[in-house]
Amino acid sequence: MINVIGQISEVERTVGSRTLPAGQARVSTVSQTYDTSLDDLWDACTSAERIPRWFLPISGELKLHGRYQLEGNAGGTIERCDPPHSFAATWEYGDEVSWIEVRLTPAGDGRTRFTLEHVAHVDDQRWAEFGPGAVGVGWDMGLLGLVSYLAADGSGVQPSQAAAWLGTDEARRFITLSSERWAEASIAAGTEVDEARAAQARTTAAYTGVPAS
């Protein structure tokens, strides 16, 4: 069985910024190495048949300039595609538009490194309220789904189990630790400790439904 709490330590998280034509944007990055080949990981991340096995049901045209829609979540347009190494797309949720880029790199011994950057214009008030964990915790759960799917023994948390799992103590612990690590990444990027920890508490409460103490 996959140790979902140990999974937290397998993920590298960084927080930064980038200047776009529309102004300054926040960049949240997650990265993890998986025990599978470059071609297999690319297929798992780009196949309409396989994406729902670890993430969410998806529809649309998964090709350059095609539009996609994740069920109950974001949609967008695929802006760049360089198989089997990288793709970039808009990430449109409600009336907000941000951007994601996924890069895959060989890591030796048949393993592959997955890196995802989420670039978004976030106003200072919202950033102070929730920090990078607002999107980061969600991406942590996505990477948990991917490692669960790729596990040879079928262990871990599968999409069909996700709703029930989110109500467990194990899930709340996972979310709490994820939120904590995102606060640490924010502090490393220069956020004041008290501000980062307060945002961490609010993010944890938003995901778990347990009010911040």
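Numbers below:
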| quantity | calculated |
| --- | --- |
| Net charge contributed by nearby residues that have their C-beta within less than 13 Å of V122 (K/R +1, D/E -1) | -1 |
| Computed log₁₀ I(q)/I(0) - Debye formula, equal Cα scatterers, no solvent, region 150-211, q 0.26, 0.29 Å⁻¹ | -1.01, -1.13 |
| Estimated inter-spin distance, E71 and R197, nm [label 7 Å along Cα→Cβ] | 4.2 |
| Rounded, prolate or oblate (a/c below 1.5 giving rounded, otherwise prolate when a/b exceeds b/c) for region 58-133 by Cα gyration tensor | oblate |
| Placed amide H near A107: partners under 5 Å, 5+ positions off or other chain | T112, R113 |
| Under 11 Å from the E61 label point (7 Å along Cα→beta-carbon), backbone N, region 75-97 | 78 |
| Segment T19-D39, extension gain: residue separation times 0.36 nm, minus the distance between their alpha carbons | 4.0 nm |
| nm² value of the averaged projected area, convex hull over the Cα atoms of region 40-166 | 8.7 |
| For the chain, accessible area per residue (1.4 Å probe, heavy atoms of protein chains only), Å² | 50 |
| Net +/- balance of residues flanking S160 in space, Cβ distance below 14 Å, scoring K and R +1, D and E -1 | 0 |
| Ranked by how many other beta carbons lie within 10 Å on average, peptides 167-180, 12-25, 127-140 from highest | 127-140, 167-180, 12-25 |
| Sulfur and carbon atoms: percent of accessible area, the chain [1.4 Å] | 51 |
| Backbone N under 13 Å from the H121 label point (7 Å along Cα→Cβ), restricted to region 1-45 | 19-26 |
| Nearest-0.05 FRET efficiency for A164 and V97, computed from C-beta distance (R0 41 Å) | 0.80 |
| Under 14 Å, Cβ to Cβ, from L150 - net charge with Lys/Arg +1 and Asp/Glu -1 | -2 |
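The values are calculated or read from the model by the stated rules, or taken from the named source; none is laboratory data. The shown structure was predicted, so the numbers you read here are calculated from the model rather than taken from an experiment. Note that each Cβ is placed from the backbone with ideal geometry, even for glycine, and that neighbours are counted across all protein chains shown. With ligands, DNA and RNA removed, areas are computed over all heavy atoms of the protein, side chains included. Shrake-Rupley method; radii C 1.70, N 1.55, O 1.52, S 1.80 Å.
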